[in-house]
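To start, the structure under review is shown below, and the notes come after it.
Just so it is clear, none of the values below were taken in a lab; they were calculated from the coordinates. Here the structure is a predicted model, which means the values were calculated and not measured. Because the Cβ atoms are built from the backbone with ideal geometry, glycine has one as well, and the counts that use them run over all protein chains shown.
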Amino acid sequence: MNGIGNAVVLALVGVLPAKGIAIIPTAGILLGGAMVTTSLAGRRAVDELTTRRGEVEAALSLGLLPRDARLEICAAASASALIPGLDQTRAVGLVTIPGAFVGMVLGGASVWAAAAMQLFVLIALLAVSSIAMLVTVELVAREEL
């Protein structure tokens, strides 16, 4: 599911108002996070496959399918693409005050509604980033990128 789909789900659940003014920025946040994760995961996977080419060939000689051999090498390294999102989530509220939270409070929303919105955006951002990383690694392993 992409960022727009997640924003629509958040609107259907009732976390976001079903208005463009709420859905468009949220979708942008989610798409931006997915783009960062995709580029990091793809770069890391390709670098790992280039560096460890001999291991891929060894796995192929043992009978693994090409996709499985490449996936064995690049999957673990690509998980490092999730680190920026995890660091951002860890720091929210302690080091930074999230813009969505402050914007909602200044716009007249209750603190609890703003906190719920920010929590759901962070969870959705981690979900979108995880899905983006998995899809990117799968496409690299299949040599479709």
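Spacing of the modelled spin labels on residue 65 and residue 89, each 7 Å from Cα toward Cβ, amounts to 3.0 nm. For residue 102 and residue 19, the FRET efficiency from 1/(1 + (r/R0)^6), where r spans their Cβ atoms and R0 equals 22 Å, is about 0.70.
Helical runs (DSSP H, four residues minimum) scored at -39500 (n - 2.57) apiece and divided by the length of the chain put the mean residue ellipticity at 222 nm at -26000 deg cm²/dmol. Plainly put, the chain has a radius of gyration that is 1.12 times its Kirkwood radius, both from alpha-carbon atoms, as the Rg/Rh ratio.
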